Every structure is written in structure tokens, then in C-alpha cells.
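**Student:** Below is the structure I would like to discuss, written out as C-alpha cells.
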Amino acid sequence: MSNTVEFARMNGLGNKILVVDMRGRKDVVTAAAAIALNADPATQFDQIMAIHDPKLQGTDAWIDILNCDGTKAQACGNGTRCVVQALAAETGEKVFTFQTVAGILNAREHEDGTISVDMGAPVFAWDKIPLAEEFADTSRIELQIGPIDNPVLHSPSVASMGNPHAIFWVDKDPMSFDLDRFGPLLENHPMFPERANITLAQVLSPTSLRTRTWERGAGLTLACGSAACSAAVSAARTGRTGRKVTIDVASAPAPGKLTIEWLDSNDHVVMTGPAEWEWSGTVDPVTGSFSRDPEQGAQAR
């Protein structure tokens, strides 16, 4: 078995993704490899999407997801769009079914190049998210940052889209908050036994939100698809918006939006947005040592 596999540096609305082709192999991308890759500015990432041979009949692949700190992630919507774009370019197919720790994901590439991913149904039960304390209503829980009589952030909506999310509603631009200071405290708050993704969400209209996310295991991220889905369903659940919204991702490096629809028919959440290929190369999934393809003009590392 070769020591190296093919991989691509991609992004989903700025969410930095490495798509690693592990098909035909029995091993996995190690935590050590993930940490080494994230330490290099050329391959710094939010998530690794490792494509493995399917484990379940009727699926196209098993997707193993790693955060940049080497921990496992259950879901990554922006990364899934990158996987779809990569496989569509390779195979010519437009429709895919993936198995992940979070469940089955169905995805489709459209003629305009945007990609829709069925992220499944949201989970609101406190013990399934999970939370450390029981809340009958998870659309608003007791949690705050700042002075008790004038908190900076408070009363988030919480949900799971395969991974735990807390949505804090704010009345000004999410970029105006010191999320790099509050994010680590909230991600690791005792309320979240499995940690949580922390999102600031501003309602712009009944059909649009503006968000910024501190991602569990990755930190400040330029975009997070599952967070956008959680914000959308939480906004609809609390009467702030309808069930279809456009998400303006405040931290995205270029203008771009996600469309999120919470379907009445089956309770599933469908996310539609772009994916972008940047460059390709080969990587050792054990050590993380890599080289860019020669035509990209980069040297081996």
C-alpha cells in the first residue's frame, strides 16, 4: 500500500476543507496527521473530509470527518458540498448518498454549480443535543456571558444537526462581538458535555439572517454549514423567520450566501450553496506530510 493518497484543498463559502481520498484503503487519516496539516499555513483547515469505500449498500461513500485539532466531527455541511463537487468532477454524476457518523446525507450538484445537501432532521431534545441539564423547551435556555444584569450574550436556542449548536440572538452585526474571547468559554461550558458550536445570529428580515460561528474543535471559522442550518431552524422555531431563509455568513471572505429550507414534508433541512476547488496534491494520512501537484508550482513539504 502506498504511503500517500490524493487530496484537494477546497472551501465551502470560505470554510477551509481538505478532501482526502482514502478509497481502497483500510487505514484512516490520523489525528497526528490532521494536527500536522493544520500547523502548515498552506494546508490549515477547518475540517478534513476523508472519503472511504462505502460501508452500507446503496451509499456512495463513508465520510470520516476530522476537526483541525484532530478530534472527530459528526457533520460538516460545507465540507459535504466540497466532497460532492470533487466526486462530480471525477465521475460526471450529480446525485450522491453518503454515510457519516451523523447519519445518511443525500446531495445533488445543480446546473449552476451550487450544491444542495439534505442535512436530515434537527434534534431539539435536551438529552439528545446533548445538554447537561434538562430543559423542556430548548428554543431558549438559561445561559449567559457577561454581567448578570447586563449580559453580552444570553438565552441561546440550542439544537443538534448531527452536532451540538447554541445560537445566540444579537441585535447588531455579529462581527462586532469579541467571539474569539467568548467562543472558547461557551464551547467548553459545562452545559455542553460534548462541547458545542457557538453561533451569533442577527435577524435581517423574515427571510434572512446574518451569522458568525465559533466552531467546536476548529475555533473561529469563515463559515459553518451545520451552524447555518441550526440558526435557520431555530429562527423558524422561535417565530423570527419562516422556514426558508438566506444566510449571509458574516465572516465569509467573499460575498456569498447559503439558502436553508426546513421542509414541512419530512422535517429535513436542505442547505444549498457553493464549493470551490483551490489546489490538489498527495498526503501521507499517518504523518500529514504532503506535496502539491507539480502544475501548482509548489514545493514538497
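The values are calculated or read from the model by the stated rules, or taken from the named source; none is laboratory data. Bear in mind that the values here come from a model prediction, so they are computed numbers and not experimental data. Glycine also receives a Cβ, built like all others from the backbone with ideal geometry; neighbour counts cover every protein chain displayed. Keep in mind that these areas ignore ligands, DNA and RNA; they rest on the heavy atoms of the full protein, side chains included. Shrake-Rupley method; radii C 1.70, N 1.55, O 1.52, S 1.80 Å.
**Student:** Test residue 199 against the criterion of being touching a Cys at 6+ places or on another chain (Cβ under 9 Å), under 28 Å from residue 35 (Cα atoms) and hydroxyl-bearing (Ser, Thr, Tyr), and give yes or no.
**Tutor:** Criteria met by residue 199.
**Student:** Taking residue 54 as the residue in question, decide whether it is at pLDDT 95 or above, open to solvent by 60 Å² or more (accessible area, probe 1.4 Å), in contact with a strand residue (DSSP E or B) (Cβ under 8 Å, 6 or more places away or on another chain) and not in a strand (DSSP E or B).
**Tutor:** For residue 54, the condition - at pLDDT 95 or above, open to solvent by 60 Å² or more (accessible area, probe 1.4 Å), in contact with a strand residue (DSSP E or B) (Cβ under 8 Å, 6 or more places away or on another chain) and not in a strand (DSSP E or B) - is met.
**Student:** Could you tell me which residue of the range 31-48 is surrounded by the most Cβ atoms within 10 Å (Cβ to Cβ), considering only residues that are of a type outside the set (Val, Ile, Thr) and part of a loop (DSSP other than H, G, I, E, B)? Steps first, please.
**Tutor:** Pass one, the range 31-48, residues of a type outside the set (Val, Ile, Thr): 31-34, 36-42, 44-47.
Okay, now just the ones that are also part of a loop (DSSP other than H, G, I, E, B), so 40-42, 44-46.
Values: 40: 13, 41: 6, 42: 12, 44: 13, 45: 22, 46: 27.
In this case the residue turns out to be 46.
**Student:** Let me spell it out: the conditions are (1) in a helix (DSSP H, G or I); (2) free of Cβ contacts under 8 Å to residues at least 60 places away in the same chain, and residue 213 meets all of them except one. Which number is the exception?
**Tutor:** (1) is the only condition that residue 213 fails.
**Student:** Given the criteria within 21 Å of residue 216 (Cα to Cα), touching an Asp or Glu at 6+ places or on another chain (Cβ under 6 Å) and touching a residue at least 40 places away in the same chain (Cβ under 8 Å), does residue 3 qualify?
**Tutor:** Against the criterion (within 21 Å of residue 216 (Cα to Cα), touching an Asp or Glu at 6+ places or on another chain (Cβ under 6 Å) and touching a residue at least 40 places away in the same chain (Cβ under 8 Å)), residue 3 does not qualify.
**Student:** Which of the residues that make up the range 176-230 are open to solvent by 40 Å² or more (accessible area, probe 1.4 Å) and charged (D, E, K, R)?
**Tutor:** Within the range 176-230, the subset open to solvent by 40 Å² or more (accessible area, probe 1.4 Å) is 176, 178, 180-181, 184-185, 188-190, 193-195, 203-204, 206-207, 210, 220, 222.
Passing the criteria: 178, 180, 181, 194, 195, 210.
**Student:** Okay, moving on. Give the range 134-158 a look and list any residue that's open to solvent by less than 30 Å² (accessible area, probe 1.4 Å) and of a type in the set (Val, Ile, Thr), or say none.
**Tutor:** Within the range 134-158, 138, 141, 145, 158 meet the criteria.
**Student:** Which of the following residues is more than 17 Å from the chain's Cα centre (by Cα), at negative phi, open to solvent by 30 Å² or more (accessible area, probe 1.4 Å) and not aromatic (Phe, Trp, Tyr): 101, 28?
**Tutor:** 28
**Student:** Just to be sure I understand, how many residues within the range 244-283 are over 18 Å from residue 103 (Cβ atoms), surrounded by fewer than 17 Cβ atoms within 10 Å (Cβ to Cβ) and acidic (Asp, Glu)?
**Tutor:** Residues in the range 244-283 being over 18 Å from residue 103 (Cβ atoms), surrounded by fewer than 17 Cβ atoms within 10 Å (Cβ to Cβ) and acidic (Asp, Glu): 2 in total.
**Student:** Taking the condition among the acidic types (Asp, Glu), in contact (Cβ under 8 Å) with a residue 40 or more places away in the chain and either surrounded by fewer than 20 Cβ atoms within 10 Å (Cβ to Cβ) or within 23 Å of residue 72 (Cα to Cα) (or both), does residue 173 pass?
**Tutor:** So residue 173 fits the description; yes.
**Student:** Among the residues of the range 72-86, how many are open to solvent by 10 Å² or more (accessible area, probe 1.4 Å) and at pLDDT 95 or above?
**Tutor:** Looking only at that region, the number is 2.
**Student:** Which condition number in (1) of a type in the set (D, E, K, R); (2) in contact with a Phe, Trp or Tyr (Cβ under 7 Å, 6 or more places away or on another chain); (3) over 26 Å from residue 219 (Cβ atoms) is the one that residue 9 fails?
**Tutor:** (3)
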